[in-house]
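One structure is given here, and the rest of the page talks about it.
The values are calculated or read from the model by the stated rules, or taken from the named source; none is laboratory data. Bear in mind the structure is a predicted one, so any value in this text is a computation, not a measurement. Virtual Cβ from ideal backbone geometry, glycine too; neighbours counted across all protein chains shown.
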Amino acid sequence: MNFHLTEEQESIRKAVRDFAEREIKPIAHELDDEARFSPEITRNMGQLGLFGISTPIDYGGHGMDTLSYIIAVEELARVDGSQAATVAAHNSLGIGPLFYYGTEKQKQKYIPQLCTGEALWAFGLTEPDAGSDSRGTRTRAYVDNGEWVITGSKIFITNGSSDISVGATVQAVTGETNGKKEFTTIIVEKDTPGFTRRAMHGKMMWRASDTAELFFDECRVPYDNVLGKVGDGSRIMLSTLDNGRLSIAAMGLGCAQGAFEMALNYAQERKQFGQPISKFQAIGFKLADMATKIELARTLLYKACWLKDNHLPFAKEAAMSKLYCSEIAKEVADEAVQIHGGYGLMKDYPVERFYRDQRLLQIGEGTSEIQRMVISRYIGC
């Protein structure tokens with residue numbers, strides 16, 4: 001394996017970093033404070049090419065490799081977790097299932113518009129009583145006069161309620177065989193009668209991303225809106241999460257990198273006892289440990305991307321990356337606040353936002369406990 005980045009990958013890193021510093025950083029605090037999703041930034045990210053970045057050109061994407069996509073998410077998260085979440089969820093959970101499991105007609109209908117930044121797509125799996133246990137899904141669908149009739153609800157759905165969110169892929173129970181539920185994934189467009197969406201507020205983290213509840217009240221969609229085959233819903237959802245774990249890992253890596261840089265800069269500028277606090281061994285050692293953990297996290301994540309790009313099994317490494325990068329984000333953000341001292345607890349300093357934003361990474365798209373369960377199965381436990 002060679003993790004030396006290509007000229008194109010280095011160019012992507014620079015372009016996204018420059019964009020994040022120029023377009024996002026100046027207003028990240030304001031958007032977080034107001035808990036406001038920004039369609040303008042989303043459109044600008046689309047113009048930069050961050051939606052459909054690894055989707056084939058034939059469907060309006062940019063045809064780049066997985067590592068290029070992960071680098072882009074990493075660089076966004078280095079500045080703002082909310083914008084990184086919008087891009088990660090849309091690409092991995094929104095476009096991903098449509099591309100991998102959609103019919104040619106479905107792909108041509110939905111994916112091109114989703115690669116522009118003008119439209120977002122959601123992934124409806126989590127429910128009030130079905131989180132880590134995805135088979136606890138209670139949303140149900142049955143066929144009536146050639147249509148699916150859906151009843152139920154979803155919660156904590158990224159990109160689910162904004163004005164530019166145009167639909168969702170939803171898992172529903174569509175039958176039962178020998179006492180086991182049959183799950184099917186169904187495409188639901190935003191203006192479908194019986195489908196309502198509600199933005200969720202009062203979040204601790206990712207306050208500038210769009211998080212929604214979705215409600216289905218005898219919601220009717222055409223039978224052809226099945227994504228994949230009837231009964232394949234659980235397989236589709238779980239494989240989608242394998243891919244999604246890489247982007248959440250990238251968010252953890254970027255969050256850690258951003259928090260580390262803030263801590264390093266602060267330690268070099270802050271003086272106590274007549275010298276920068278970075279000169280004190282207690283602080284220097286903290287920074288050394290942070291830098292080491294970040295490098296280890298990056299190497300593990302890039303290896304998982306290399307495996308995927310070379311069409312090799314990568315599910316174990318994806319789970320490891322998601323686990324390790326999210327845990328490192330927690331550790332590095334915590335130490336970064338410690339280095340800032342009292343200032344790290346004030347909203348005027350962005351490290352406070354990073355400390356909040358990292359917390360979801362150990363929960364979303366499979367908790368750290370679930371990742372350990374997945375890994376333990378792969379190693380034979």
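Assorted remarks:
- So I248, is it in contact with a helix residue (DSSP H, G or I) (Cβ under 7 Å, 6 or more places away or on another chain), among the β-branched types (V, I, T), assigned by TED's automatic domain parsing to the domain that holds Q358 and touching a residue at least 40 places away in the same chain (Cβ under 8 Å): yes
- Selection of first residues in the stretch 105-132 that are more than 12 Å from H90 (Cα to Cα) and of a type in the set (F, W, Y) and of second residues that are in a strand (DSSP E or B) and modelled with pLDDT of 95 or more, restricted to Cβ pairs under 8 Å at least 6 apart or on distinct chains, gives the following pairs, ordered by first then second residue: Y110/W121; Y110/G167; Y110/I187.
- Answer residue from the stretch 3-56, given it is among the polar types (S, T, N, Q) and in contact (Cβ under 8 Å) with a residue 60 or more places away in the chain and is farthest from P112 (Cα to Cα) among those: Q9
- Scanning the stretch 67-88 turns up no residue that is surrounded by fewer than 24 Cβ atoms within 10 Å (Cβ to Cβ), closer than 18 Å to C305 by Cβ and charged (D, E, K, R).
- Residue identified as in contact with a Cys (Cβ under 9 Å, 6 or more places away or on another chain), touching a residue at least 40 places away in the same chain (Cβ under 8 Å) and assigned by TED's automatic domain parsing to the domain that holds M262 among A315, A319, A336, A329: A329
- Selection status of S92, under 20 Å from Q358 (Cα atoms), polar (S, T, N, Q) and either outside the structural domain of N243 (by TED's automatic domain parsing) or part of a helix (DSSP H, G or I) (or both): yes
- Test: residue in the stretch 280-292 that is outside the structural domain of A72 (by TED's automatic domain parsing), under 25 Å from H4 (Cβ atoms), among the small types (G, A, S) and surrounded by fewer than 18 Cβ atoms within 10 Å (Cβ to Cβ): yes
- Single residue of the stretch 326-360 satisfying the filter (among the aromatic types (F, W, Y) and in a helix (DSSP H, G or I)) that is nearest to A77 (Cα to Cα): F354
- Residue in the stretch 95-118 that is modelled with the lowest pLDDT, counting only those that are buried (at least 23 other Cβ atoms within 10 Å of the Cβ) and not in a helix (DSSP H, G or I): G117
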